[in-house]
Amino acid sequence: MLSTQASNGRTRPLVANRVLLTLVIAAAIAAALLSFVAMAPNRLVSGESINLIVALRPWQWIILILLALLLASCALTRPFSSPSSHYLTLIAAPLWLILVLYGLGDYANRALQEASPSARVSQGAAFWILVFCPTLMILDAFQRLQTNLGLRGLYTLILVAVVAALFVTGHLDGLAIMHEYANNRDQFADEFIAHLRLVASALGPALVIGLPLGLLAHRRAGTRGALFGVLNFFQTIPSIALFALLVAPLAALSEALPLLRELGIKGIGATPAIIALVMYALLPIVRNTYAGFDGVAATTLEAARGMGMTSAQILWRVEIPLALPVILAGLRIVTVQAIGLTVVAALIGAGGLGAFIFQGLGQYAIDLVLLGAIPTIALAVVADFLLQILVALSRPPGAR
Amino acid sequence: MIELQGLTKTYAGKDVVKDVSLRIESGEFGVLIGPSGCGKSTTLRMINRLIPLTQGRIFLGEEDVTELPAEQLRRRIGYAIQSTGLFPHWTVAENIAVVPGLLKWDKSRTSQRVDELLNLFHLDAGEFRDKYPHQLSGGQAQRVGVARALAADPEVLLMDEPFGAVDPLTRDVLQNEMLRVHQQTGKTIVFVTHDMDEALKLASRIAILNAGRLVQYDRPIELLTQPADDFVRSFIGKADLGLKLLSRRWVHQYQQPARVLEHPASFDNDAASAAYGWEVDAQGRALCLHGGRLHADENEQRTQVTHEWTATPDMTMKEALSRMVWFRVMVLPVLDDKERLVGEVAMQGVMGHEPSKQQALGQE
């Protein structure tokens with residue numbers, strides 16, 4: 001609605017950035033039609049839907065509309081031209097994002113003052129779309145500007161710091177998800193650390209096994225077929241099935257060998273989870289290691305040999321540095337994948353953030369599910385971002 | 001000096017290189033040439049044992065290096081290849097410093113050597129030291145590749161079709177530069193190519209291989225005038241044999257005293273259409289040519305001497321002839337480095353005058 005006004009206002013709607021325009025329109029439609037927040041008398045019943053205009057104070061939604069108009073005009077060829085319209089997007093979109101978050105917290109605090117202590121304020125569909133759209137706008141603007149990674153990192157850091165400040169200052173404490181957090185504060189810290197520990201203890205062995213296997217696949221063509229066949233097979237087993245399949249044999253092993261039992265290796269818990277995560281992580285690591293070594297030009301290797309480098313010198317000084325960006329790209333895939341898969345590991349008693357999700361699903365408490373899901377997503381995004389920087393740094397200088 | 005004795009390579013029962021023996025003396029520019037699959041590259045790569053040899057011995061100077069550990073041997077032999085093989089993750093300076101690094105030279109010596117080599121190839125050290133290979137043009141990368149091969153002052157330099165992948169113009173420049181570097185360093189070079197013109201331009205000795213065997217190993221002029229068999233004759237190419245021969249002959253071999261006109265004003269071009277003479281200034285510089293045009297009825301009877309149609313004593317006769325044809329003159333002035341007229345070289349001379357064999361070979 002907002003954007004149609006904008007484009008009708010300018011008689012020649014020469015659209016410069018369709019992505020941006022689509023996002024603004026989508027956000028506007030969502031804000032108009034879907035609920036922004038839901039107000040419920042307690043955590044188990046679904047709440048009453050409340051629209052954006054009602055939930056936010058007038059100054060908040062007026063600014064939101066103005067920001068939407070500004071962003072819509074950025075999507076057109078006039079009045080702003082190419083680079084300045086993207087910079088403007090990079091200013092307006094995060095303001096929108098923060099304002100939506102601020103407004104949500106503001107509403108929750110106001111609404112709860114008059115309601116019973118068990119009343120809950122949850123985010124509605126419109127809220128998610130209104131957060132999602134500006135995020136995509138920012139990514140799109142960066143894509144079009146082709147800014148360097150350092151600048152992108154700094155921008156992201158500032159944005160994350162502002163959002164984190166909203167949480168830390170307690171502005172969002174009125175939300176149901178924050179209530180769940182407050183109720184499970186100690187458990188949350190434990191599960192968060194358990195989640196990280198599971199991911200880390202799977203990635204370590206996966207690297208130790210996967211890197212040499214990747215090198216082997218590169219050096220001995222004959223091993224490739226069998227190796228990738230087995231690893232591909234692991235990858236096709238559904239994760240829940242693999243976790244479950246490991247329980248019985250591990251329980252039997254632990255039963256038979258007291259030594260293993262003393263080490264804490266049991267049929268349920270962390271052991272089967274880590275084994276399964278390693279099995280899933282192997283294929284991307286081996287494949288990327290192989291591809292990385294395979295990508296080193298044959299002439300480079302011939303020159304290295306011709307100048308009298310030993311095989312070890314060629315490996316450490318030439319092959320590994322040149323293969324590293326591809327290997328780290330594999331690690332990036334695997335890390336994000338493991339963070340996600342670890343959620344499922346909660347089913348076999350390994351703990352981690354998945355515990356909240358399954359607990360919440362069992363109790364029909366959607367906010368408890370979100371307490372597990374949102375940090376998992378955030379963790380994956382942060383890990384992805386950090387490893388992306390690492391990949392860029394590992395590229396040969398000058399080729400960055 | 002490098003000597004190969006009975007070098008043989010057998011793959012799956014088939015001799016790829018069979019009993020190749022040749023000796024390249026210190027400071028010589030040896031070229032291995034032949035059709036593809038003739039074993040020239042294999043021979044070269046057996047020298048630094050990138051390909052292990054089946055049979056034979058290799059001597060570097062007086063030393064038998066056949067049993068030397070391959071890595072040690074390679075550090076004593078420079079190696080440059082077609083696609084340069086520069087390490088993309090290292091700067092130009094780091095690339096050149098590879099072998100000195102393997103030989104554990106100290107930092108200041110290595111750094112000095114890098115600058116020295118960049119200067120040798122007319123690359124400004126300040127500008128190029130810290131560049132990465134992908135920032136170089138093809139010609140620059142190839143120069144760095146050769147500089148890297150020369151870094152540790154090797155006894156022998158092996159080059160495997162180093163100029164095969166650059167454009168013809170750059171190739172010509174690189175060839176000239178290689179000749180200059182060869183002259184300045186006096187290195188023994190073993191160079192593989194499939195381009196006969198390149199071989200004739202660079203080589204002091206050419207080894208022609210066919211089907212794994214050494215067919216003829218001779219100086220270029222002997223290869224052209226006394227081919228060992230029909231294969232060599234056809235490989236050299238019959239069509240422009242005369243021009244190829246002239247590419248190994250030099251203006252000073254054909255040069256004659258210049259006909260300087262005492263009284264240019266009274267030059268009578270009607271006397272004989274073939275008559276001509278040079279007008280020179282007080283410093284002995286050639287000003288113009290009277291007569292001497294390809295056709296008697298050419299309008300201009302007086303032709304200004306310009307740089308494009310002069311010759312120098314070290315120019316090949318092929319180029320001199322080419323200039324005569326292009327500028328439609330019967331005769332070129334031969335100038336010394338101060339642009340003074342020291343002689344002339346004429347069309348009739350190319351046709352009629354055969355330099356004595358001794359004289360022609362003396363240049364080799």
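This table checks each residue for (1) surrounded by fewer than 19 Cβ atoms within 10 Å (Cβ to Cβ); (2) over 30 Å from B:Val144 (Cα atoms).
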{"residue": "B:Leu179", "(1), (2)": "yes, no"}
{"residue": "B:Asp197", "(1), (2)": "yes, no"}
{"residue": "B:Leu209", "(1), (2)": "no, no"}
{"residue": "B:Pro227", "(1), (2)": "no, yes"}
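Within segment A:281-297, is there a residue that is surrounded by 17 or more Cβ atoms within 10 Å (Cβ to Cβ), modelled with pLDDT of 90 or more and within 14 Å of chain B (Cβ to nearest Cβ)? Please lay out each step first, then the result.
To start, the set of residues in segment A:281-297 that are surrounded by 17 or more Cβ atoms within 10 Å (Cβ to Cβ) comprises A:281-293, A:296.
With modelled with pLDDT of 90 or more added as a condition, the list becomes A:281-293, A:296.
With within 14 Å of chain B (Cβ to nearest Cβ) added as a condition, the list becomes A:292, A:296.
Checked against the condition, which is being surrounded by 17 or more Cβ atoms within 10 Å (Cβ to Cβ), modelled with pLDDT of 90 or more and within 14 Å of chain B (Cβ to nearest Cβ), segment A:281-297 yields at least one hit.
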Query raised in the report: Would it be correct to say that B:Thr110 is facing chain A (nearest Cβ under 9 Å) and more than 22 Å from the chain's Cα centre (by Cα)?
Result: no
Query raised in the report: Does A:Gln363 meet the test of being more than 30 Å from A:Ala119 (Cα to Cα) and either surrounded by fewer than 18 Cβ atoms within 10 Å (Cβ to Cβ) or within 14 Å of chain B (Cβ to nearest Cβ) (or both)?
Result: no
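Only one residue in B:Gln304, B:Gln363 is at pLDDT below 85, open to solvent by 60 Å² or more (accessible area, probe 1.4 Å), within 12 Å of B:Val251 (Cα to Cα) and touching a strand residue (DSSP E or B) at 6+ places or on another chain (Cβ under 8 Å). Which one? Break it down into steps so the answer makes sense when it comes.
On the way: B:Gln304 fails: within 12 Å of B:Val251 (Cα to Cα).
The unique qualifying residue is B:Gln363.
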Query raised in the report: For segment A:264-279, does any single residue satisfy the condition of being among the charged types (D, E, K, R), more than 14 Å from every other protein chain (Cβ to nearest Cβ) and in contact with a Ser or Thr (Cβ under 9 Å, 6 or more places away or on another chain)?
Result: yes
Query raised in the report: Quick one: which of B:Ala165, B:Ala151 is among the small types (Gly, Ala, Ser), within 13 Å of chain A (Cβ to nearest Cβ) and buried (at least 19 other Cβ atoms within 10 Å of the Cβ)?
Result: B:Ala151
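Quick one: which of A:Ile389, A:Ile377 is under 21 Å from A:Phe167 (Cβ atoms) and open to solvent by 40 Å² or more (accessible area, probe 1.4 Å)? Quick ask: steps written out before the conclusion?
On the way: A:Ile389 fails: under 21 Å from A:Phe167 (Cβ atoms).
Going through A:Ile389, A:Ile377 in turn, the sole match is A:Ile377.
Quick one: which residue in A:Ala182, A:Ala176, A:Ala165 is surrounded by 18 or more Cβ atoms within 10 Å (Cβ to Cβ) and either under 23 Å from A:Thr376 (Cβ atoms) or among the acidic types (Asp, Glu) (or both)?
Numbers: A:Ala182 fails: surrounded by 18 or more Cβ atoms within 10 Å (Cβ to Cβ); A:Ala165 fails: surrounded by 18 or more Cβ atoms within 10 Å (Cβ to Cβ).
One residue alone meets the criteria, A:Ala176.
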Requested in this report: Output the number of residues of segment B:1-24 satisfying the condition of being open to solvent by less than 40 Å² (accessible area, probe 1.4 Å), more than 27 Å from the chain's Cα centre (by Cα) and under 25 Å from B:Glu62 (Cβ atoms).
Outcome: 3
Report summary line: Selection from segment B:70-98 of residues closer than 12 Å to A:Met307 by Cβ, more than 7 Å from chain A (Cβ to nearest Cβ) and either crowded, with 19+ Cβ neighbours inside 10 Å or in contact with a strand residue (DSSP E or B) (Cβ under 7 Å, 6 or more places away or on another chain) (or both) yields B:Arg76, B:Ile77, B:Gly78, B:Ala80, B:Leu86, B:Asn95, B:Ile96, B:Ala97
Report task. Only residues in segment A:301-316 that are within 7 Å of another protein chain (Cβ to nearest Cβ) and among the polar types (S, T, N, Q) count as the first member; pair them with residues that are open to solvent by 40 Å² or more (accessible area, probe 1.4 Å) and assigned to a helix (DSSP H, G or I), Cβ under 6 angstrom, at least 6 apart or cross-chain, and list the lot. Result -> A:Thr310/B:Glu71
Query raised in the report: Which of (1) crowded, with 22+ Cβ neighbours inside 10 Å; (2) without any contact (Cβ under 8 Å) to a residue 60 or more places away in the chain does A:Ala345 not meet, given it meets every other one?
Result: (2)
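Where in segment A:1-99 are the helices (runs of 4 or more DSSP H), entirely inside, with at least 3 residues that are open to solvent by 60 Å² or more (accessible area, probe 1.4 Å) and modelled with pLDDT of 85 or more? Reasoning before the result, please.
On the way: elements: A:2-9, A:18-33, A:52-55, A:58-75.
In segment A:1-99, the matching helices (runs of 4 or more DSSP H) lie at A:18-33, A:58-75.
The values are calculated or read from the model by the stated rules, or taken from the named source; none is laboratory data. Because the structure is predicted, anything quoted here is derived from the model rather than measured. A quick note on method: Cβ atoms are made from the backbone with ideal geometry, for glycine too, and the neighbour counts reach across all protein chains shown. Note: areas computed on protein heavy atoms with side chains; ligands, DNA, RNA excluded. Shrake-Rupley method; radii C 1.70, N 1.55, O 1.52, S 1.80 Å.
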